[in-house]
Number of protein chains: 2
Amino acid sequence: MHNLEPTIMLLGRSPDVLNALLRGLPDIWTTGNEGEGSWTPYDVVAHLIHAEYKNWIPRARCILEPDQSQPFPPFNREGNFEESRLKPLDLLLDEFARARANSLQELRAMDLLPGDMEKQGIHPALGTVTLGQLLATWAAHDLTHLHQISRVMAVQYKQAVGPWSKFLGVMQCAGHSAS
Amino acid sequence: MHNLEPTIMLLGRSPDVLNALLRGLPDIWTTGNEGEGSWTPYDVVAHLIHAEYKNWIPRARCILEPDQSQPFPPFNREGNFEESRLKPLDLLLDEFARARANSLQELRAMDLLPGDMEKQGIHPALGTVTLGQLLATWAAHDLTHLHQISRVMAVQYKQAVGPWSKFLGVMQCAGHSAS
């Protein structure tokens, strides 16, 4: 049975973590990526905003509906990239904080009971998933992107650290994402 | 030639990042590890404090000394673990913030010129390294441990996320550390 409280506590602080890490940093840290087609820390923040609007709460609502015959609507991980690129990072960080606060307010308003965590929905690629798994994934998704941002930032210093590179695990990390 | 300003800007914010991420979180997030002998987020903060006292600034001082015939004194990554385990995480976070502020004050007081970045010292395992590489590594070391903390935290939810695990790169990361 998923325990919601540690999940909510982690979700609530991610905007502050990204603010502390990224706001006001020089471009070398926020707009570098890991090669063609890979994301910058800026892109990750845009993606997190999009997931607030289109993924977590909409899917939770989907699971709580009586009819479970349809899979969740598909989620395009880069669905807002065109629109976001018009905004400076500071505005994206503000928007993420607002979006996350609204999501958590909506989550609390669902008044979920422990038994609700076992309710099921259909993920378009993964098949049957539970509400508890969805909410745990929301928190772990923040962490996978913090993991990614710290790696993308570190890679910008791969040459600068010289021989120390081999002692820094982050420099060896290739990302591991299945998608 | 290493450009010091982005390094200092990143180093200055790491205590705030760790505060935002860890202070006041339930134990599941701060005292879980990745198996026997591995570190918890708590342990990582203790290690970062120890490195402030015994690694970065002492080694920079070493490089700036006229005699470069001796390697840096060895650094024990877990040198303060026994002593730290008596302190709650909040005190360690406070101590890291103070230690980092003192280190950066001392770094600024060195009044380093661009040419100083090429000055050399002898690392006990890596051989000849430059001051620029040492200072870049200091920043990248913060990032490798943020990368580690986000991974250690995510691993605590490996079961809870169910089938989503394969979409979360962080769940596939084994750390990559050479030491």
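The values are calculated or read from the model by the stated rules, or taken from the named source; none is laboratory data. Just so it is clear, the structure is predicted and the values come from calculations on it, not from any experiment. Cβ: placed from backbone, ideal geometry, glycine included. Neighbour counts: every protein chain shown. For the accessible areas, the whole protein counts, side chains as well, though only heavy atoms, and no ligand, DNA or RNA atoms are used. Shrake-Rupley method; radii C 1.70, N 1.55, O 1.52, S 1.80 Å.
Things to note:
- Restricted to the range B:43-54, and to residues there that are touching a residue at least 60 places away in the same chain (Cβ under 8 Å) and in contact with a Lys or Arg (Cβ under 9 Å, 6 or more places away or on another chain), the residue that is surrounded by the most Cβ atoms within 10 Å (Cβ to Cβ) is B:ALA51.
- Test for A:SER69: is it open to solvent by less than 10 Å² (accessible area, probe 1.4 Å), more than 14 Å from every other protein chain (Cβ to nearest Cβ) and at pLDDT below 95: no
- Verdict on A:THR128 being within 14 Å of the chain's Cα centre (by Cα), within 9 Å of chain B (Cβ to nearest Cβ) and of a type in the set (Ser, Thr, Tyr): no
- Residues that are assigned to a helix (DSSP H, G or I) and touching a Gly at 6+ places or on another chain (Cβ under 9 Å), drawn from the range A:115-139: A:ASP116, A:MET117, A:GLU118, A:LEU131, A:GLY132, A:GLN133, A:LEU134, A:ALA136, A:THR137
- Per this entry, A:ILE149 is not counted among residues that are farther than 17 Å from A:ILE28 by Cβ and either in contact with a Pro (Cβ under 6 Å, 6 or more places away or on another chain) or surrounded by 21 or more Cβ atoms within 10 Å (Cβ to Cβ) (or both).
- Total residues in the range A:29-42, condition touching a residue at least 40 places away in the same chain (Cβ under 8 Å) and under 19 Å from A:ASP94 (Cβ atoms): 5
- Among (1) within 7 Å of another protein chain (Cβ to nearest Cβ); (2) over 20 Å from the mean Cα position of the chain (by Cα) - the single one A:LYS158 does not satisfy: (1)
- Filter result (in contact (Cβ under 8 Å) with a residue 40 or more places away in the chain, of a type in the set (S, T, N, Q) and not in a helix (DSSP H, G or I)) within the range B:140-179: B:GLN156, B:SER179
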